[in-house]
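Encoded as structure tokens, the structure appears first; notes follow it.
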Amino acid sequence: AGLSQSTGFSNPTLVSTLALTLAKLAWLCHWPTLARCIAAVTLACLTPGLLSHLLPEYWITTSHWQAIAAWLQPGTRLEDWRAPLQATLCLILLSGAQLTGRRAELGSSMLIGLALLMWLAQLGASLIPAMQWIIDHEATPAELVPIGLLLIAHALRVGGTFMAERKMLDRPLSIALLLGVLTLAFSQHLKFLEDRRLHSVLKQENHRLAANLSGEILNHLDAMRRFVNSWRLVDSPPGADEWSMMAGPLYRDFGYLVNIALVEPGSRIRYVYPMDAVNRRLLGIELSERQPAGRTAQRRALIGRQEAVTNVIPLLQGRYGIIYYLPTYIAGGRFIGASAMVLSLQALTDTLTRAIDTQRTRLELHQGAESLALLGPDDVNDAWSNTAPIHIGDTPLTLTTQPSRQRLLEYHARLPAVSLTTGLALSYLLFLVLFSHRRLAIQHQHLHDSHRRLSQEIEARGRLQEEVEWMARHDELTGLPNRRMLMETLKAQHETRPLCVMICDLDHFKRINDSLGHLKGDEYLKCLGAQGAAIANQAGGLFARYGGEEFILLLPNCDTVRGLQVAEALNAALRSADLKHHDGTALTLSIGMTTLEQGPLNIATLMQVADMALYRAKAQGRNRVVSAPMPG
Ligand SMILES: Nc1nc2c(ncn2[C@@H]2O[C@H](COP(=O)(O)OP(=O)(O)OP(=O)(O)O)[C@@H](O)[C@H]2O)c(=O)[nH]1
């Protein structure tokens with residue numbers, strides 16, 4: 001149903017496909033600049049073709065486009081220079097894909113997706129006639145196959161990129177392609193409506209022409225009837241002059257009348273108007289003999305005395321036409337024959353051609369299957385043909401009109417093509433926006449993840465630092481402050497008086513290790529640590545592990561008396577913990593204590609005095625508290 005395929009000179013679809021194939025080969029041969037140049041030139045050549053599909057007639061007329069085509073190469077038409085709309089769009093998208101290369105951010109995969117959509121639309125149009133853009137010709141299978149191969153080559157190229165960046169591409173691509181599909185469906189719908197509108201306009205034109213002609217002839221038939229009836233008022237048959245006087249005005253009113261004649265009942269022609277050289281020869285001839293094609297109608301009028309009309313028959317004047325016979329009476333109902341109104345077919349078609357531009361519309365008059373007249377251009381499309389009956393003649397005539405290709409190109413709405421092109425452009429832009437958004441979102445997510453990992457790392461390092469710091473100042477086994485922290489605390493007490501210091505040493509602890517094992521020994525040390533820490537807390541002091549099984553109890557603002565009480569409390573707590581040697585005897589503690597009541601703090605002396613007191617406690621039999629005064 002294509003209006004007209006590109007003929008002769010060139011096939012723009014195939015030429016563009018070939019150019020893009022060369023660009024593709026150049027790319028594969030690692031000549032990207034050459035590939036881009038070819039793609040850019042192809043794009044530039046396709047653009048005017050696309051514009052000719054889109055620009056309204058009042059911007060650039062179809063005649064101008066045709067003139068440009070003829071100027072480029074005499075004898076060529078617009079179709080020799082431009083591909084069908086969907087093929088043009090497909091090739092433009094492929095040129096774009098070639099230019100953008102593998103760069104996903106420029107939408108190469110989207111361009112190929114849209115090109116595929118256009119290709120499928122063309123395939124659909126070649127299979128389903130309803131999808132065809134009848135104004136424009138469709139791409140043929142011979143054109144679709146190379147475009148399809150080119151598409152596959154492009155799809156293979158971006159396939160790798162797509163797989164690599166699928167996370168970023170899938171959602172923008174599917175949403176934007178959906179918009180492309182909707183655009184295609186919408187433009188098809190618009191095209192359907194616009195085609196229907198144009199069909200209806202052309203059909204109305206056809207029917208109006210036929211109705212006008214039928215109506216005009218019926219009007220003239222009425223005038224003829226009045227002419228015939230006017231003889232009923234006269235008493236005697238009209239003379240030649242009288243007949244001419246009455247027939248003259250009627251003849252002059254009818255543009256397509258060949259003549260008006262009076263045929264006697266015996267079928268002899270009595271009068272003819274106008275009385276020119278041709279008509280004069282008809283006077284007196286026997287019509288039934290000379291015009292057998294009209295015999296049926298003559299008989300019906302002359303014998304049956306009814307109005308009758310012939311088909312289109314050869315006229316005695318040598319042309320074709322239709323003759324109306326009207327029985328004619330004078331006063332008293334006396335039958336004098338039939339008035340014949342002879343219509344020329346040529347005059348009829350002339351009337352039609354006056355009402356329509358036959359350069360832009362093809363006219364055909366039929367009687368049954370026989371074509372009577374054919375006027376107008378050959379470059380027409382059967383899909384746009386309209387037929388209407390013209391009610392003259394025994395067998396009604398039919399009038400077929402077909403707009404010329406030029407007229408169709410001028411008349412058809414550009415809206416479907418504009419909406420398709422705009423929709424594709426919008427879906428491409430939508431893809432770019434969605435892709436950028438998605439990429440930013442993913443980058444933001446990566447940033448967020450690395451920030452979270454960094455925070456976790458910082459937190460872990462902080463914890464480690466705290467742990468290291470804690471371990472530097474605490475004993476790992478008991479969790480008590482270690483010697484370092486003890487010394488720092490002691491140094492900080494240089495103004496605190498009284499300041500009581502006790503060195504606590506488990507008695508015969510070696511035996512625990514030897515007999516019950518080191519693990520048990522550790523357990524006992526932890527137990528003493530916990531008891532000592534609790535007592536020190538209560539007393540507002542510090543219980544630290546000094547080394548091995550030795551602990552220090554530091555009690556600021558604590559005099560000897562109070563110190564002895566605390567030491568006793570510690571012993572009591574140890575007793576209540578019920579720690580035993582392997583032989584069942586209780587584990588005991590020896591404590592050496594000293595109190596700095598006043599004077600400057602000398603840590604070495606303080607510790608030495610406490611240590612001496614401890615030594616004495618051990619020497620005196622262990623399990624006791626010995627307090628030694630500070631010297632001086
Ligand atoms: N299980 C365990 N034993 C320890 C630890 N630190 C030191 N010791 C042990 O404590 C014991 C201390 O023994 P000594 O200094 O000989 O004194 P003692 O056996 O307690 O006897 P006197 O102090 O004289 O009553 C040693 O056997 C050390 O191995 C420790 O962290 N865990």
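The values are calculated or read from the model by the stated rules, or taken from the named source; none is laboratory data. Predicted model only: the values in this text are computed from it and were never measured. Glycine gets a Cβ as well: all are built from the backbone with ideal geometry, and neighbour counts include every protein chain shown.
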Step by step: first the residues of the stretch 362-377, then only those that are touching a helix residue (DSSP H, G or I) at 6+ places or on another chain (Cβ under 8 Å) and within 16 Å of THR351 (Cβ to Cβ), then the one that is surrounded by the most Cβ atoms within 10 Å (Cβ to Cβ). Which residue is that?
LEU365
Specify the residue that is farthest from ASN11 (Cα to Cα); the eligible residues are those in the stretch 23-56 that are of a type outside the set (A, V, I, L, M, F, W, C) and over 28 Å from the mean Cα position of the chain (by Cα).
HIS30
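Please find, among LEU178, LEU173, LEU123, the residue that is assigned to a helix (DSSP H, G or I), of a type outside the set (S, T, N, Q) and within 30 Å of THR33 (Cα to Cα). I'd like the intermediate steps shown before the answer.
Values: LEU178 fails: within 30 Å of THR33 (Cα to Cα); LEU123 fails: within 30 Å of THR33 (Cα to Cα).
Sole residue among the options that is assigned to a helix (DSSP H, G or I), of a type outside the set (S, T, N, Q) and within 30 Å of THR33 (Cα to Cα): LEU173.
Return the total of residues in the stretch 152-168 being part of a helix (DSSP H, G or I) and either in contact with a Phe, Trp or Tyr (Cβ under 6 Å, 6 or more places away or on another chain) or of a type in the set (D, E, K, R) (or both).
Start the filter on the stretch 152-168 by keeping residues that are part of a helix (DSSP H, G or I), which leaves 152-164, 166-168.
Those left that are additionally either in contact with a Phe, Trp or Tyr (Cβ under 6 Å, 6 or more places away or on another chain) or of a type in the set (D, E, K, R) (or both): 157, 166-167.
Adding up the residues that qualify gives 3.
Tally up the residues in the stretch 349-361 that are without any contact (Cβ under 8 Å) to a residue 12 or more places away in the chain and either surrounded by 17 or more Cβ atoms within 10 Å (Cβ to Cβ) or among the basic types (Lys, Arg) (or both), please.
Keep residues of the stretch 349-361 that are without any contact (Cβ under 8 Å) to a residue 12 or more places away in the chain, which gives 354, 357.
With either surrounded by 17 or more Cβ atoms within 10 Å (Cβ to Cβ) or among the basic types (Lys, Arg) (or both) added as a condition, the list becomes 354.
So the count comes out to 1.
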Tell me the residue from GLY248, GLY215 that is within 60 Å of the chain's Cα centre (by Cα) and either in a helix (DSSP H, G or I) or surrounded by 14 or more Cβ atoms within 10 Å (Cβ to Cβ) (or both), please.
GLY215
If you scan the stretch 577-610, which residues turn out to be of a type in the set (Val, Ile, Thr), touching a residue at least 60 places away in the same chain (Cβ under 8 Å) and within 16 Å of the ligand (Cβ to nearest atom)?
THR588, ILE591
May I ask you to list the residues in the stretch 222-245 that are surrounded by fewer than 17 Cβ atoms within 10 Å (Cβ to Cβ) and under 27 Å from HIS391 (Cβ atoms)?
ASP222, ALA223, ARG225, ARG226, ASN229, SER230, ARG232
Give the residue that is nearest to the chain's Cα centre (by Cα), with candidates limited to residues of the stretch 487-520 that are in a helix (DSSP H, G or I), surrounded by 15 or more Cβ atoms within 10 Å (Cβ to Cβ) and within 8 Å of the ligand (Cβ to nearest atom).
ASN513
Working carefully through the options LEU193, LEU233, LEU218, LEU209, find the one that is without any contact (Cβ under 8 Å) to a residue 40 or more places away in the chain and out of contact with any Phe, Trp or Tyr (no Cβ under 8 Å at 6 or more places or on another chain).
LEU193
Subset of the stretch 566-601, residues assigned to a loop (DSSP other than H, G, I, E, B) and within 23 Å of ARG511 (Cβ to Cβ), comes to ASP578, LEU579, HIS581, HIS582, ASP583, GLY584, THR585, LEU587, THR588
Which members of the stretch 516-533 meet the condition of being aliphatic (A, V, I, L, M) and farther than 18 Å from ASN571 by Cα?
LEU516, LEU519
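Please enumerate the residues belonging to the stretch 81-105 that are in contact (Cβ under 8 Å) with a residue 40 or more places away in the chain, in contact with a helix residue (DSSP H, G or I) (Cβ under 6 Å, 6 or more places away or on another chain) and either farther than 27 Å from HIS30 by Cβ or surrounded by fewer than 23 Cβ atoms within 10 Å (Cβ to Cβ) (or both). Steps first, answer last, please.
Applying the first criterion (in contact (Cβ under 8 Å) with a residue 40 or more places away in the chain) to the stretch 81-105 yields 81-99, 101-102, 104-105.
Next, from what is left, pick out any that are in contact with a helix residue (DSSP H, G or I) (Cβ under 6 Å, 6 or more places away or on another chain): 81-83, 85-99, 102, 104.
Hits for the stretch 81-105 are TRP81, ARG82, ALA83, LEU85, GLN86, ALA87, THR88, LEU89, GLY96, LEU99, ARG102, ALA104.
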Can we say HIS207 is modelled with pLDDT of 90 or more and surrounded by 16 or more Cβ atoms within 10 Å (Cβ to Cβ)?
yes
Go through (1) within 19 Å of LEU213 (Cβ to Cβ); (2) in contact with a strand residue (DSSP E or B) (Cβ under 9 Å, 6 or more places away or on another chain) and name the single condition ARG354 misses.
(2)
Among the residues of the stretch 521-536, is there at least one that is farther than 23 Å from THR605 by Cα, exposed (fewer than 15 other Cβ atoms within 10 Å of the Cβ) and more than 16 Å from the ligand (Cβ to nearest atom)?
yes
Any residue in the stretch 544-562 that's more than 13 Å from GLU597 (Cβ to Cβ) and assigned to a strand (DSSP E or B): show its pairings with residues that are of a type in the set (Asp, Glu) and within 16 Å of the ligand (Cβ to nearest atom) at Cβ separation under 6 Å, as long as the two are six or more apart or on different chains.
ARG545/ASP475; GLU550/ASP505
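For every residue, the table says whether it meets (1) within 60 Å of the chain's Cα centre (by Cα); (2) outside any strand (DSSP E or B); (3) surrounded by fewer than 21 Cβ atoms within 10 Å (Cβ to Cβ).
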| residue | (1), (2), (3) |
| --- | --- |
| ASN259 | no, no, no |
| GLY284 | no, yes, yes |
| GLY294 | no, yes, no |
| ARG299 | no, yes, yes |
| GLN306 | no, yes, yes |
| ILE323 | no, no, no |
| MET341 | no, no, no |
| ALA347 | yes, yes, yes |
In this structure, does LEU574 turn out to be away from the ligand (no atom under 13 Å from the Cβ) and either closer than 11 Å to MET502 by Cβ or not assigned by TED's automatic domain parsing to the domain that holds SER515 (or both)?
no
